[in-house]
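Visitor: Submitted below is the structure of interest, expressed as structure tokens.
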Amino acid sequence: MLYFPKNFTPGYVLGITLLFIYPFLANATDASRILVIHSYSQEYPWTKGQHDGFIEGLRQGQPAQTIIKTEYLDSKRTDYNNSYADWFQHYLEVKYQDFKPDVIYVTDDNGLDFGLTHLVNIFPEKPLV
């Protein structure tokens, strides 16, 4: 059973996430590059709250320029299966062929699954949080 404090919010998740991401970004001499993959649509309230909190916290904690690229699996509307994940991998390979993230941030189950099975093929040896 997972335990979440009473004040568990997307901001709380953000704080924990930043603890893992910041060491990778702190050593960058130029702009840090982050790829964000959300499981759901940008208008899904939970995703919107996570993303807004992540961006706000990152901007406060990262004084250097940060380049953030964001994608949405939209798996509340689309059946997330192997065929869709393979297609989405190809889409990202084409779209981000010249973008090399320093770290990849994923949200929710489908984002994590996609990260562990597909993003590792596109961006090997990049930290996934």
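Visitor: What's the total number of residues in region 106-127 that are at pLDDT 95 or above, open to solvent by less than 70 Å² (accessible area, probe 1.4 Å) and not in a helix (DSSP H, G or I)?
Guide: Adding up the residues that qualify gives 3.
Visitor: Out of the residues in region 49-76 that are closer than 19 Å to Phe114 by Cα and out of contact with any Pro (no Cβ under 9 Å at 6 or more places or on another chain), state the one that is most open to solvent (accessible area, probe 1.4 Å).
Guide: Of the residues in region 49-76, the ones closer than 19 Å to Phe114 by Cα are 50-51, 68-76.
From the residues that got through so far, the ones that are out of contact with any Pro (no Cβ under 9 Å at 6 or more places or on another chain) too are 68, 70-76.
Numbers: Ile68: 39, Thr70: 39, Glu71: 13, Tyr72: 56, Leu73: 0, Asp74: 33, Ser75: 20, Lys76: 123 Å².
Only one residue tops the list, namely Lys76.
Visitor: Can you go through Asp102, Asp79, Asp98 and tell me which one is open to solvent by 10 Å² or more (accessible area, probe 1.4 Å) and touching a residue at least 40 places away in the same chain (Cβ under 8 Å)?
Guide: Working: Asp79 fails: touching a residue at least 40 places away in the same chain (Cβ under 8 Å); Asp98 fails: touching a residue at least 40 places away in the same chain (Cβ under 8 Å).
Criteria check complete, one pass: Asp102.
Visitor: Can you tell me which residue in region 27-43 is farthest from Arg77 (Cα to Cα), limited to those that are in contact with a strand residue (DSSP E or B) (Cβ under 8 Å, 6 or more places away or on another chain) and open to solvent by 30 Å² or more (accessible area, probe 1.4 Å)?
Guide: For region 27-43, the residue satisfying everything is Arg33.
Visitor: Mind counting the residues in region 77-103 that are of a type in the set (Val, Ile, Thr) and either part of a helix (DSSP H, G or I) or within 13 Å of Ile34 (Cα to Cα) (or both)? Let's see the steps before the verdict.
Guide: If we filter region 77-103 for residues that are of a type in the set (Val, Ile, Thr), which is where we start, we get 78, 94, 103.
Still in the running and either part of a helix (DSSP H, G or I) or within 13 Å of Ile34 (Cα to Cα) (or both): 94, 103.
Selection size over region 77-103: 2.
The values are calculated or read from the model by the stated rules, or taken from the named source; none is laboratory data. All values derive from a computational prediction rather than experimental measurement. Methodologically, a virtual Cβ is constructed for each residue, glycine included, from the backbone with ideal geometry; neighbour enumeration extends over all protein chains shown. Side chains are part of the model used for accessible areas, which takes the heavy atoms of the whole protein and leaves out ligands, DNA and RNA. Shrake-Rupley method; radii C 1.70, N 1.55, O 1.52, S 1.80 Å.
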